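Heads up, the thing below is written out as C-alpha cells.
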Amino acid sequence: MNQPIELSPIQNRIVELKHRKNAVILAHYYQRPEIQQIADYVGDSLELSRKASEITAEILVFCGVHFMAETAKILNPESRVLLPDLNAGCSLADSCPLTEFLHWKRKYPEHIVVSYINCSAEIKAISDYVCTSANAIKIINSIPKNQKIIFTPDQNLGRYLIQETGKEMVLWDGVCAVHEAFSVGKLIELSLSYPTAKILAHPESKSEILKIAHFTGSTTAMIKYVVESPADTFLIGTEAGILYQIKEFSPDKHLIPIPTEEDNTCACSECAFMKVNTIQKVLDCLQSESHEIILDPMIQYLASIPIQRMLQLS
Ligand code: 13P
Ligand code: SF4
C-alpha cells in the first residue's frame with residue numbers, strides 16, 4: 001500500500017463532520033479518488049450492500065449511484081441514507097422501467113425474476129432474487145434446474161450467465177452505456193501492441209469483449225486478479241475509477257483502460273452518473289443532512305426479501 005495521503009481542507013472538514021454526526025461514508029470503486037480517500041469503506045456493490053446492513057450509524061453517506069443508496073436504505077432502515085447528488089442514476093437501472101417490465105413479464109407467467117442489483121427498488125420489490133456481478137453465477141446455480149427464469153436488466157451479464165451456468169434464461173434488453181461502449185477493434189489493436197498484457201472485463205461488457213478477456217469478474221475480483229497476477233500490464237475493461245484503487249495496491253503495474261469507440265484521446269471510460277458526486281457535494285450533503293433516500297415503506301419491505309435472500313446465499 002502507498003504512504004497515507006495528506007488530506008485537503010475540504011476532506012478534513014468531512015472527516016471532522018463525520019465523527020461529530022456519527023456518520024459513515026461508503027464509496028464505490030468508480031467514485032473520484034478524493035472521495036475514495038475519505039470513505040470508511042470502499043467496495044463493489046455486494047461488499048457495500050453487506051457493509052450497509054452491518055453498520056450502526058445515524059447517517060450513512062452513500063457515494064455511488066441511486067440504486068446502490070436505495071439498497072443501503074433497504075438493508076439499513078434505521079440509518080438516514082444520504083446520496084451526495086440525487087441525480088446519480090444508472091443507465092442500466094433506467095433501461096428497465098417498472099410499467100414496461102410488468103407488461104413484458106406477463107408473457108412469461110411460469111418464470112421467476114432474477115434481477116441484477118443495478119435496478120430500481122420497484123423492480124427489486126417484484127423480483128424473487130437479486131444478484132450482483134460478484135455472486136450472479138452462484139445465485140443462478142442455486143435455483144432448481146427446471147425453474148424458468150427471467151433475468152433483468154442487463155442483457156450482457158445475462159448472456160454471460162447463460163454461458164457460465166448452462167441455464168436458459170429470458171433476458172430483458174437493458175445495457176450499461178459505459179461497458180457497452182468498449183471498442184472490440186481497439187482492444188484487439190491494443191492487445192497486439194501489448195502481447196503479454198492480460199485483458200480484464202466486467203461482465204456488463206459485450207460478449208465480443210468477454211470472449212477475448214483473460215478474466216471476467218466484478219470490480220473487486222478484477223482488483224484481486226491484478227494484485228495477485230505475475231503479469232505487469234493489464235487492459236482494463238471497466239469504469240476508470242477502479243484504476244485508483246488498483247494503483248493503491250499495485251503501484252508498479254501498468255494499467256491501460258480499454259478505449260471506447262468514440263474515444264480517441266484519453267482512453268478513459270467514465271460513468272457520468274458516478275462522477276456527478278464531487279467532494280464538495282459530499283461535504284454539502286453531510287453539512288445540511290440533505291439528499292436523503294426515502295422509499296415507500298411497502299416497496300422497501302418487498303425489495304428487502306430478494307436482497308436478503310441474496311446475502312444469505314452469497
Ligand atoms: P460491481 O458490483 O462489480 O462493482 O459493479 C457495479 C457497477 O455498476 C458496474 O457498472
Ligand atoms: Fe450504471 Fe453502468 Fe454507471 Fe455501473 S457504470 S453505475 S451500470 S451506468
Report task. May I ask you to list pairs of residues, at least six apart or on different chains, whose Cβ atoms are under 8 Å apart, with the first in region 277-297 being more than 16 Å from residue 26 (Cα to Cα) and the second being open to solvent by 60 Å² or more (accessible area, probe 1.4 Å)? Result -> 290/284
Query raised in the report: Which one of the conditions (1) assigned to a loop (DSSP other than H, G, I, E, B); (2) more than 18 Å from residue 49 (Cα to Cα); (3) of a type outside the set (Asp, Glu) does residue 294 fail to meet, given that it meets all the rest?
Result: (2)
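Could you please find all residues in region 113-150 being of a type in the set (D, E, K, R) and loosely packed, with under 14 Cβ neighbours inside 10 Å? Let's see the steps before the verdict.
The first filter runs over region 113-150 and keeps only residues of a type in the set (D, E, K, R), leaving 122, 124, 128, 138, 145, 148.
Of everything in region 113-150, those that are of a type in the set (D, E, K, R) and loosely packed, with under 14 Cβ neighbours inside 10 Å turn out to be 138, 145.
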Report task. Scan region 190-206 and give yes if some residue there is of a type outside the set (Val, Ile, Thr), out of contact with any strand residue (DSSP E or B) (no Cβ under 9 Å at 6 or more places or on another chain) and touching a residue at least 24 places away in the same chain (Cβ under 8 Å), otherwise no. Result -> no
Query raised in the report: open to solvent by 20 Å² or more (accessible area, probe 1.4 Å), under 22 Å from the mean Cα position of the chain (by Cα), within 15 Å of ligand 2 (Cβ to nearest atom) and basic (Lys, Arg), is that true of residue 224?
Result: no
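So which residues in region 247-265 are buried (at least 22 other Cβ atoms within 10 Å of the Cβ) and within 19 Å of residue 44 (Cβ to Cβ), if there are any at all?
First pass over region 247-265, keeping only residues buried (at least 22 other Cβ atoms within 10 Å of the Cβ): 257-259.
Those that are buried (at least 22 other Cβ atoms within 10 Å of the Cβ) and within 19 Å of residue 44 (Cβ to Cβ): 257, 258.
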**Report entry** Residue that is within 30 Å of residue 114 (Cβ to Cβ) and either in contact with a helix residue (DSSP H, G or I) (Cβ under 7 Å, 6 or more places away or on another chain) or among the hydroxyl-bearing types (Ser, Thr, Tyr) (or both), where the choices are 209, 294
**Finding:** 209
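Counting residues that are among the hydrophobic types (A, V, I, L, M, F, W, C), within 16 Å of ligand 1 (Cβ to nearest atom) and buried (at least 23 other Cβ atoms within 10 Å of the Cβ), which helices (runs of 4 or more DSSP H) fully inside region 1-112 reach at least 1?
On the way: elements: 9-20, 33-38, 45-54, 66-75, 91-94, 98-105.
Counting at least 1 such residues, we get 33-38, 45-54, 66-75, 91-94.
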Query raised in the report: Can you tell me which of 150, 143, 139 is in a helix (DSSP H, G or I) and not basic (Lys, Arg)?
Result: 139
Requested in this report: Read through the list (1) in a loop (DSSP other than H, G, I, E, B); (2) within 16 Å of ligand 2 (Cβ to nearest atom), then give the number of the only condition that residue 236 fails.
Outcome: (1)
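Taking into account only those residues within region 195-215 that are open to solvent by 30 Å² or more (accessible area, probe 1.4 Å) and either within 16 Å of ligand 1 (Cβ to nearest atom) or among the polar types (S, T, N, Q) (or both), which is nearest to residue 28 (Cα to Cα)?
Let us first name the residues in region 195-215 that are open to solvent by 30 Å² or more (accessible area, probe 1.4 Å), namely 195-196, 198, 206-208, 211-212, 214-215.
Subset that is either within 16 Å of ligand 1 (Cβ to nearest atom) or among the polar types (S, T, N, Q) (or both): 196, 206-207, 215.
Numbers: 196: 30, 206: 22, 207: 25, 215: 21 Å.
The residue in question is 215.
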**Report entry** All positions within region 246-273 that are away from ligand 2 (no atom under 16 Å from the Cβ), at pLDDT 95 or above and either assigned to a loop (DSSP other than H, G, I, E, B) or farther than 26 Å from residue 5 by Cα (or both)
**Finding:** 250, 251, 252, 253
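The values are calculated or read from the model by the stated rules, or taken from the named source; none is laboratory data. Computed from a prediction, not measured in an experiment: that's the story for all the values here. As a convention, Cβ positions derive from the backbone with ideal geometry for all residues, glycine included, and neighbour counts pool all protein chains shown. Ligands, DNA and RNA are stripped out before the accessible areas are found, and what is left, the full protein with its side chains, is counted by its heavy atoms. Shrake-Rupley method; radii C 1.70, N 1.55, O 1.52, S 1.80 Å.
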